[in-house]
């Protein structure tokens with residue numbers, strides 16, 4: 001069938017953009033790294049509190065947060081690009097192509113899965129250079145798979161907003177969505193140390209499981225108990241957000 | 001001069017208020033950040049060396065205010081850049097309006113907006129259980145420093161826009177805002193910052209501004225931090241306004 | 001079987017505003033069908049419904065034999081579209097865009113490059129194909145858009161105001177392309193603001209105003225229906241006027257003149273009637289001081305059909321290509 005070829009062609013086009021306008025991508029690529037350095041510089045002392053998995057190593061603790069943030073930004077950026085395509089009329093062409101709507105969505109969204117590796121790489125290089133703990137190959141591979149999937153979910157969210165508002169001004173809404181999803185978790189501290197309201201929120205937030213799945217290699221060893229909830233959460237998120245995004249796409253023009 | 005400035009300030013304010021989708025991120029992001037920081041790191045008040053506070057939340061309010069004001073400055077810069085891109089700025093330049101008024105109008109508007117931003121966070125604080133230890137005088141001090149700081153950040157935005165001329169360049173500065181804020185004592189006591197950050201924070205005017213905003217909230221209004229805060233904000237405003245006017249003159253000379 | 005047909009086609013927006021308020025039409029295969037109307041009349045909305053970008057809120061339409069609402073994928077496979085705003089990606093090169101379009105339309109990887117090159121050659125963009133589209137002029141963008149519309153040899157081609165803003169040379173080039181496509185048997189649905197364009201290209205022309213069709217016929221019939229060109233004559237002496245009127249009346253019906261020394265007559269035979277009129281007046285010894293030939297304009301057609309004037313019908317001559 002022709003669909004995989006179409007999906008790949010659309011992904012290639014999205015990746016193409018990074019090469020064509022490198023300047024625009026830089027803030028997004030460096031942001032998680034800057035955030036990580038800043039946060040550990042400011043709040044590093046927090047890891048002295050009892051309850052942190054590795055004593056006094058705030059940096060290793062929050063690197064996974066940076067990885068998820070990179071996935072979130074990348075997903076949001078995908079939505080912004082779609083909004084721009086809509087504003088410029090290019091999206092009309094895609095709509096008129098004899099291509100199934102799911103292939104169109106997949107092509108748009110899967111590019112985020114690849115692109116999120118850019119900020120992730122920058123973050124990891126700087127993080128390790130500053131002394132963060134090596135997660136082991138399994139931990140690292142797992143982290144990469146999980147954030148790629150999360151990037152696709154974030155892209156579905158952003159695509160929904162792009163289709164709803166049809167303007168690049170929706171960008172901040174897309175970003176706030178991913179910002180909230182990643183930070184209202186056990187981002188800054190283990191569950192025990194969170195204030196009660198944040199503890200409850202983090203328990204309800206499926207992204208917490210993804211974060212814990214990404215983090216496990218960094219702070220200890222990979223266990224099945226931390227891995228399967230991460231995948232289950234991602235599956236659920238994909239079904240929900242992917243479903244909504246597909247529905248939005250199918251309903252364009254009504 | 002005064003009339004022109006006021007008229008331009010009124011226009012800037014009106015335009016900003018007419019577009020709430022640009023206004024919302026100015027308070028939304030810092031509010032979310034405030035929530036997460038407080039939720040995640042409240043226990044750090046237990047650390048030895050952390051000043052005596054009613055709560056971590058009270059401590060964080062000043063950081064949120066500073067962040068919001070910085071974003072307000074960036075937003076002003078974007079608005080000016082859009083005016084330039086759209087050609088409206090040329091119309092203003094062609095009008096018999098003193099050059100300084102072109103800068104002062106937008107800067108003044110940012111200062112006024114700052115009052116709104118401070119009000120939001122103080123109200124939020126009160127709703128969620130913070131205590132303003134300095135009482136009403138304390139709150140007024142916070143408003144005062146906030147307004148001056150807001151004006152200063154507005155001047156930075158205007159100066160940037162006059163040099164950069166494109167809205168997307170000014171927008172790209174946004175991440176930088178976070179960087180500079182992190183390299184200060186806005187979020188965490190200076191004594192507890194790790195080394196590279198601490199060294200920079202000692203020289204960062206944002207530290208003094210944030211501390212000036214924070215002091216009336218977490219303790220009674222003490223002369224030191226408040227005066228330093230006002231001084232830092234005022235110095236920043238003067239310096240940046242001067243840079244903005246220079247940028248304006250440079251732009252007008254070249255066109 | 002009609003190439004394009006619509007029955008009571010409607011599009012209502014929130015608040016009850018009907019951009020398209022019940023349109024019936026049928027376009028034969030191989031026909032060039034012109035769709036005329038001022039801005040805001042519903043031309044673009046109608047086109048967007050026919051090319052499956054917008055769902056009708058009432059009525060139905062079939063293109064290339066398939067229902068636009070129920071079988072959009074089948075429609076998309078058979079139509080080519082070039083909209084008013086060239087739908088391009090500024091960051092890609094011309095070649096990349098056409099190749100992408102080929103892939104989207106199901107060309108096998110081995111065939112993509114060749115087919116793209118063919119189309120690029122056809123629209124005359126071979127030299128510019130490696131440049132980014134953002135650097136193209138308006139005319140070049142339109143040509144690239146056309147290449148993308150034609151990549152899969154569509155049965156039906158939709159062109160939405162294809163020459164608005166183009167300089168005369170580019171306009172003529174596009175007209176030649178339309179004639180060539182017609183020769184190949186492609187049905188062309190062309191929206192335009194320019195009477196001359198419709199005149200030159202269309203087999204039939206429909207006029208849309210306020211969401212409804214108000215006329216549909218061949219260009220010649222429409223023009224004749226509205227009026228022939230008329231001649232405004234200013235006579236040397238006011239007394240001549242009545243005599244002049246008697247003389248010219250054989251060339252066509254009189255129109256209301258403005259002023260005593262003015263006579264206005266419609267030329268039933270068209271502009272060639274001028275010679276006859278002048279000769280007749282000359283023979284009668286009636287001296288003509290000034291003479292003006294006025295052709296029926298789209299505005300006249302509009303005025304007659306809708307009671308309103310058409311705005312902005314003049315073509316600003318813009319980009320060189």
Filtered residues of the stretch B:190-204 (kept if at the interface with chain A (Cβ under 9 Å from one of its Cβ atoms) and either closer than 14 Å to residue A:46 by Cα or in contact (Cβ under 8 Å) with a residue 40 or more places away in the chain (or both)): B:192, B:193, B:194
Within the stretch C:75-92, can you find the residues that are surrounded by fewer than 19 Cβ atoms within 10 Å (Cβ to Cβ) and either more than 8 Å from every other protein chain (Cβ to nearest Cβ) or farther than 29 Å from residue C:56 by Cβ (or both)? C:78, C:84, C:90, C:91
I'd like to check something: does the stretch B:11-30 contain any residue that is touching a helix residue (DSSP H, G or I) at 6+ places or on another chain (Cβ under 9 Å), modelled with pLDDT of 85 or more and within 9 Å of another protein chain (Cβ to nearest Cβ)? yes
For the condition closer than 21 Å to residue A:75 by Cβ, within 14 Å of chain B (Cβ to nearest Cβ) and either surrounded by 21 or more Cβ atoms within 10 Å (Cβ to Cβ) or in contact with a strand residue (DSSP E or B) (Cβ under 6 Å, 6 or more places away or on another chain) (or both), what is the one hit in A:31, A:14? A:31
Out of all the residues in the stretch A:149-165, is one or more within 14 Å of chain B (Cβ to nearest Cβ), touching a residue at least 60 places away in the same chain (Cβ under 8 Å) and surrounded by fewer than 18 Cβ atoms within 10 Å (Cβ to Cβ)? yes
Of the conditions (1) within 26 Å of residue A:86 (Cβ to Cβ); (2) without any contact (Cβ under 8 Å) to a residue 60 or more places away in the chain; (3) under 21 Å from the mean Cα position of the chain (by Cα), the single one that residue C:26 does not satisfy is (1)
Residue check, residue A:181 against (1) touching a helix residue (DSSP H, G or I) at 6+ places or on another chain (Cβ under 6 Å); (2) under 30 Å from residue B:24 (Cα atoms); (3) away from every other protein chain (no Cβ under 13 Å), all met but one. Which one? (3)
Evaluate the stretch B:38-48: report whether one residue or more is within 12 Å of chain A (Cβ to nearest Cβ), closer than 22 Å to residue A:177 by Cα, out of contact with any strand residue (DSSP E or B) (no Cβ under 9 Å at 6 or more places or on another chain) and modelled with pLDDT under 85. no
Selection within the stretch C:125-136 - exposed (fewer than 15 other Cβ atoms within 10 Å of the Cβ) and more than 14 Å from chain A (Cβ to nearest Cβ): C:126, C:127
Return the residues of the stretch B:205-220 that are farther than 23 Å from residue B:73 by Cα and either at the interface with another protein chain (Cβ under 9 Å from one of its Cβ atoms) or without any contact (Cβ under 8 Å) to a residue 40 or more places away in the chain (or both); say none if nothing qualifies. none
In the set B:64, B:75, which member is under 20 Å from residue B:146 (Cβ atoms), under 11 Å from the mean Cα position of the chain (by Cα) and within 12 Å of chain A (Cβ to nearest Cβ)? B:75
Selection from the stretch B:142-156 of residues that are buried (at least 24 other Cβ atoms within 10 Å of the Cβ) and more than 10 Å from residue B:110 (Cα to Cα): B:142, B:145, B:146, B:156
Got at least one residue in the stretch C:110-119 being within 30 Å of residue C:49 (Cβ to Cβ), away from every other protein chain (no Cβ under 14 Å), surrounded by fewer than 19 Cβ atoms within 10 Å (Cβ to Cβ) and touching a helix residue (DSSP H, G or I) at 6+ places or on another chain (Cβ under 9 Å)? no
Checked pairs for the stretch C:84-109, first under 15 Å from residue A:98 (Cα atoms), second at pLDDT below 85, C-beta under 8 Å and 6 or more apart or across chains, list as C:106/A:2
Considering C:271, C:244, C:261, which residue is touching a strand residue (DSSP E or B) at 6+ places or on another chain (Cβ under 8 Å), farther than 29 Å from residue C:32 by Cβ and at pLDDT below 80? C:261
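Quick grid of which residues meet (1) under 30 Å from residue B:85 (Cα atoms); (2) modelled with pLDDT under 90; (3) assigned to a helix (DSSP H, G or I); (4) touching a helix residue (DSSP H, G or I) at 6+ places or on another chain (Cβ under 6 Å):
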site: B:191; (1), (2), (3), (4): no, yes, yes, no
site: B:198; (1), (2), (3), (4): no, yes, yes, no
site: B:221; (1), (2), (3), (4): no, yes, no, yes
site: B:246; (1), (2), (3), (4): yes, yes, yes, no
site: B:250; (1), (2), (3), (4): yes, yes, yes, no
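Residue-by-condition table, conditions (1) under 16 Å from residue C:120 (Cα atoms); (2) modelled with pLDDT of 90 or more; (3) in contact with a helix residue (DSSP H, G or I) (Cβ under 8 Å, 6 or more places away or on another chain):
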position: C:38; (1), (2), (3): no, no, yes
position: C:47; (1), (2), (3): no, yes, no
position: C:58; (1), (2), (3): no, yes, no
position: C:61; (1), (2), (3): no, yes, yes
position: C:68; (1), (2), (3): no, yes, yes
position: C:75; (1), (2), (3): no, yes, no
position: C:90; (1), (2), (3): no, no, yes
position: C:95; (1), (2), (3): yes, yes, yes
position: C:99; (1), (2), (3): yes, yes, yes
What number of residues in the stretch C:10-23 are surrounded by 21 or more Cβ atoms within 10 Å (Cβ to Cβ) and free of Cβ contacts under 8 Å to residues at least 12 places away in the same chain? 0
Expected single match for closer than 26 Å to residue B:216 by Cα, at pLDDT below 80 and within 13 Å of chain A (Cβ to nearest Cβ) among B:178, B:128, B:174 is B:178
Helices (runs of 4 or more DSSP H) wholly inside the stretch A:162-254 that include at least 3 residues being modelled with pLDDT of 95 or more: A:206-219, A:224-237, A:243-250
Please tell me if residue B:177 is in contact (Cβ under 8 Å) with a residue 24 or more places away in the chain and surrounded by fewer than 23 Cβ atoms within 10 Å (Cβ to Cβ). yes
Restricting attention to the stretch B:159-171, and to residues there that are over 25 Å from residue B:200 (Cβ atoms) and away from chain A (no Cβ under 12 Å), which single residue is surrounded by the fewest Cβ atoms within 10 Å (Cβ to Cβ)? B:165
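The values are calculated or read from the model by the stated rules, or taken from the named source; none is laboratory data. Here the structure is a predicted model, which is why all the values come from computation and not from measurement. All Cβ positions, even for glycine, are placed from backbone atoms using ideal geometry, and neighbour counts span all protein chains on display.
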